[in-house]
Amino acid sequence: SNTPTLETERLILRKFTENDLEALYQIYRDPDVNRFLPWFPLQNAGNEARKFFEDRYASLYAEPQAYAYAICLKRGNRPIGYVKVDMAEPHDSAMAARGILHQGIATEAGRAVTAQVKRDGLPYITATHDVNNPRSGGVMRQNRDEVPVFYEEQWQPKDLLVTFRL
């Protein structure tokens, strides 16, 4: 399956569309959201946001199987974050959200996507977070099934040594 729409009590998880370019830009331009991510924040809502959408979302939606969700509140159905399972890596997941801290929304979205992945028969998901990002760690603790392992990785293009908890 490729990013089937999911609903939770408060959320709609769905594909990003070209109509979401402004929301996508707002998510990926936010320095707080992108602080712990390997890429730099987007700088303009025009061509840069469109290219980011095409490279990171539209291309995935053309694949036979993908999980690349816009996290939307049911009220308004406007993206406020994203959650992805990277099928190129061994079922690695990524999630970021804008303006939803301390509301349990990231945990709710993570649980919904994890349940879908299990329904689709994937044997596992690997999730990591920078140890300097305790909020991400909190989401992982709410969704984890295993004991954490630590490792380091040099992230590009920012050239940062990041310690992850797996």
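The values are calculated or read from the model by the stated rules, or taken from the named source; none is laboratory data. Remember, predicted model here, so these are calculated numbers, not experimental data. So basically every Cβ, Gly included, is an ideal-geometry build from the backbone, and we count neighbours across all protein chains shown. The protein model used for the area step is the full one, side chains on, heavy atoms only, and it has no ligands, DNA or RNA in it. Shrake-Rupley method; radii C 1.70, N 1.55, O 1.52, S 1.80 Å.
Modelled spin-label separation between T5 and R111, with each label point placed 7 Å from Cα along the Cα-to-Cβ direction: 2.3 nm.
Mind listing which trypsin sites (Lys or Arg not before Pro) in the stretch 1-73 are in a DSSP loop and have 13 or fewer other Cβ atoms within 10 Å?
Working: sites: R10, R14, K15, R29, R35, R50, K51, R56; in loops: R10, K15, R35.
Hits after loop and neighbour filter: R35.
Heavy-atom accessible surface of Y124, to the nearest 10 Å², is about 110 Å², with a 1.4 Å probe and all protein chains retained. In this structure K118 has an accessible area near 120 Å², from a 1.4 Å probe over the protein heavy atoms.
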